[in-house]
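Participant: Encoded as structure tokens, here's the structure I'll be asking about.
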Amino acid sequence: MDDEIICIGCGAVLQSDDPKKAGYLPAAALKKAEAGETDNVYCQRCFRLRHYNEIMPVDLNNDDFLALLNSLATKKALVVNVVDLFDFSNSLLASLKRFVGDNEFILVGNKFDLFPLNSRQSRIKDWMRQEANRMGLYPSKIFLISAARQKNLDELIEYLDQASQDRDIYFVGMTNVGKSTLINAIIDKMGDIKDVITTSRFPGTTLDRIEIPLENGHHLIDTPGIMSTNQLATRLNAADLEVVSPKKPIKPATFQLLPGNTIFLGGLGRIDYLKGQSTSFTVYAARGVKLHRTKTANADDFYQKHVGELLTPPTGENYLPALKGQEYHTDYKSDLLFGGVGFVTVPKDCVVKTYTPDKIGLGIRRALI
């Protein structure tokens, strides 16, 4: 259309309808641009990049992201896959092995600060490496960090500083893993400590990526997060996602159970204890997820009656797919995974059945704690 106004920073068509879409500009500012009162108009996202070094997520088509991935094998690059430690299996880009080529690849596990203080980093890294290897991915290095709290970043930054001397660094990841938050933290840290980042401007920002220039002539490149139906986070509304996402270290809640007992993790997860001895199950979930124990024989009726009210999140009317289950036998002390919600630690020799909406995020691993 002839009357479209383009952001000079990223090339997006300016619009004031949706802050989450590319090219957003508040209506008053857009009206000024349409009236010709302002020159060199930037969208809100580019404005915040230029003036506050802040990367704002924007909704983009997965095809754009995949096209960018397809080009990685032809570039000399370090590929950084940022993953959510509370939804690791579903936030790891298993398809990355097809795109990395001969490039080095590292894993960065975000939200480590939410694990209990007695968690062993070496154990978590070993588990991450084993899971990545199982998917055909072989990271040269694994880091555990907190992007939001800027913890454990110095070692990662030192590694990226060395790696960027002869290549660009591409950050890739699923939505909601904290990728942009991490890059914002890196910009802040590197700018303050080493003055590596040229913070005055961000030239060449485009719709499918953001290039952050380094003084050595290379770039940190933020790519759009890819959405997956295997992430429960992509199914939740904003209010429920806020509740599910932990903000503080998780406090474990321990229940003494007999076979025939059920625990609900709000309306998002359920675990039935089918066979075994009287024992304790320990739940690790965000503090806003309401935990309830009941008898398995009553569990279906209990859920139907209380989901969205006593069993929250979800709040209000239940908009999620029905709970579907998977049975597990624990050969050793194990964590039963409720991807994006939390996990439940159970001893060996237990038969359990776990549920989430449409079985999203279900899994099992050797206990990490």
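Participant: For residues in the stretch 243-261 being within 21 Å of residue 309 (Cβ to Cβ) and in contact (Cβ under 8 Å) with a residue 40 or more places away in the chain, which is nearest to the chain's Cα centre (by Cα)?
Facilitator: Top of the filtered list is 244.
Participant: Of the conditions (1) over 22 Å from residue 287 (Cα atoms); (2) within 11 Å of the chain's Cα centre (by Cα), residue 109 fails just one. Which one is it?
Facilitator: Of (1) over 22 Å from residue 287 (Cα atoms); (2) within 11 Å of the chain's Cα centre (by Cα), only one is false for residue 109: (1).
Participant: Only one of these is surrounded by 13 or more Cβ atoms within 10 Å (Cβ to Cβ), out of contact with any Asp or Glu (no Cβ under 6 Å at 6 or more places or on another chain) and modelled with pLDDT under 75: 47, 65, 88. Name it.
Facilitator: Criteria check complete, one pass: 65.
Participant: Could you pull out the residue among 310, 265, 257 that is of a type in the set (A, V, I, L, M, F, W, C) and surrounded by fewer than 19 Cβ atoms within 10 Å (Cβ to Cβ)?
Facilitator: It is 310.
Participant: Okay, moving on. Which one of the conditions (1) out of contact with any helix residue (DSSP H, G or I) (no Cβ under 8 Å at 6 or more places or on another chain); (2) of a type outside the set (Val, Ile, Thr); (3) over 20 Å from residue 231 (Cα atoms) does residue 138 fail to meet, given that it meets all the rest?
Facilitator: Residue 138 satisfies all of (1) out of contact with any helix residue (DSSP H, G or I) (no Cβ under 8 Å at 6 or more places or on another chain); (2) of a type outside the set (Val, Ile, Thr); (3) over 20 Å from residue 231 (Cα atoms) except (1).
Participant: In this structure, does residue 272 turn out to be surrounded by 16 or more Cβ atoms within 10 Å (Cβ to Cβ), charged (D, E, K, R), over 19 Å from residue 341 (Cα atoms) and touching a residue at least 24 places away in the same chain (Cβ under 8 Å)?
Facilitator: Criteria not met by residue 272.
Participant: Determine which member of the set 171, 99, 105 is buried (at least 17 other Cβ atoms within 10 Å of the Cβ), touching a strand residue (DSSP E or B) at 6+ places or on another chain (Cβ under 9 Å), touching a residue at least 60 places away in the same chain (Cβ under 8 Å) and not assigned by TED's automatic domain parsing to the domain that holds residue 285.
Facilitator: Of the residues listed, the single one that is buried (at least 17 other Cβ atoms within 10 Å of the Cβ), touching a strand residue (DSSP E or B) at 6+ places or on another chain (Cβ under 9 Å), touching a residue at least 60 places away in the same chain (Cβ under 8 Å) and not assigned by TED's automatic domain parsing to the domain that holds residue 285 is 171.
Participant: Still on this structure: Within the stretch 349-360, does at least one residue satisfy the condition of being touching a Gly at 6+ places or on another chain (Cβ under 6 Å), under 18 Å from residue 286 (Cα atoms) and either without any contact (Cβ under 8 Å) to a residue 12 or more places away in the chain or of a type in the set (Gly, Ala, Ser) (or both)?
Facilitator: Looking through the stretch 349-360, none of the residues is touching a Gly at 6+ places or on another chain (Cβ under 6 Å), under 18 Å from residue 286 (Cα atoms) and either without any contact (Cβ under 8 Å) to a residue 12 or more places away in the chain or of a type in the set (Gly, Ala, Ser) (or both).
Participant: Still on this model: Among the residues of the stretch 311-322, is there at least one that is at pLDDT 95 or above, part of a strand (DSSP E or B) and either among the hydrophobic types (A, V, I, L, M, F, W, C) or in the same structural domain as residue 83 (by TED's automatic domain parsing) (or both)?
Facilitator: For the stretch 311-322, residues at pLDDT 95 or above, part of a strand (DSSP E or B) and either among the hydrophobic types (A, V, I, L, M, F, W, C) or in the same structural domain as residue 83 (by TED's automatic domain parsing) (or both): present.
Participant: Shifting gears a bit: If I go through the stretch 328-348 residue by residue, how many of them are acidic (Asp, Glu) and closer than 16 Å to residue 261 by Cβ?
Facilitator: 0
Participant: Exactly one of these conditions fails for residue 237: (1) closer than 27 Å to residue 368 by Cβ; (2) out of contact with any strand residue (DSSP E or B) (no Cβ under 9 Å at 6 or more places or on another chain); (3) polar (S, T, N, Q). Give me its number.
Facilitator: It is condition (1) that residue 237 fails.
Participant: Which residues, counting only those in the stretch 134-168, are among the small types (Gly, Ala, Ser) and under 20 Å from the mean Cα position of the chain (by Cα)?
Facilitator: Residues satisfying the conditions are 146, 147, 148.
Participant: Among the residues in the stretch 288-298, are any over 28 Å from residue 249 (Cα atoms), in contact with a Lys or Arg (Cβ under 7 Å, 6 or more places away or on another chain) and not hydrophobic (A, V, I, L, M, F, W, C)?
Facilitator: no
Participant: For the stretch 323-332, enumerate the residues that are part of a loop (DSSP other than H, G, I, E, B) and loosely packed, with under 15 Cβ neighbours inside 10 Å.
Facilitator: Once the filter is applied, which keeps residues that are part of a loop (DSSP other than H, G, I, E, B) and loosely packed, with under 15 Cβ neighbours inside 10 Å, the stretch 323-332 yields 331, 332.
Participant: Is at least one residue of the stretch 17-28 outside the structural domain of residue 98 (by TED's automatic domain parsing), surrounded by 14 or more Cβ atoms within 10 Å (Cβ to Cβ), over 19 Å from residue 223 (Cα atoms) and at pLDDT 80 or above?
Facilitator: yes
Participant: Hey, another quick one. For residue 185, work out the one condition from (1) at pLDDT 85 or above; (2) surrounded by 21 or more Cβ atoms within 10 Å (Cβ to Cβ); (3) assigned to a strand (DSSP E or B) it doesn't fulfil.
Facilitator: The number of the failed condition is (3).
Participant: Moving on. Please verify whether the stretch 159-167 includes one or more residues that are surrounded by fewer than 19 Cβ atoms within 10 Å (Cβ to Cβ), without any contact (Cβ under 8 Å) to a residue 60 or more places away in the chain and over 17 Å from residue 79 (Cβ atoms).
Facilitator: No, there is no match, as no residue in the stretch 159-167 is surrounded by fewer than 19 Cβ atoms within 10 Å (Cβ to Cβ), without any contact (Cβ under 8 Å) to a residue 60 or more places away in the chain and over 17 Å from residue 79 (Cβ atoms).
Participant: How many of the residues in the stretch 84-142 are closer than 20 Å to residue 167 by Cα and not in a helix (DSSP H, G or I)?
Facilitator: 15
The values are calculated or read from the model by the stated rules, or taken from the named source; none is laboratory data. Note that this is a predicted model, so its numbers are computed, not measured. Don't worry about glycine lacking a Cβ; one is built from the backbone with ideal geometry, like all the others, and counts go over all protein chains shown.
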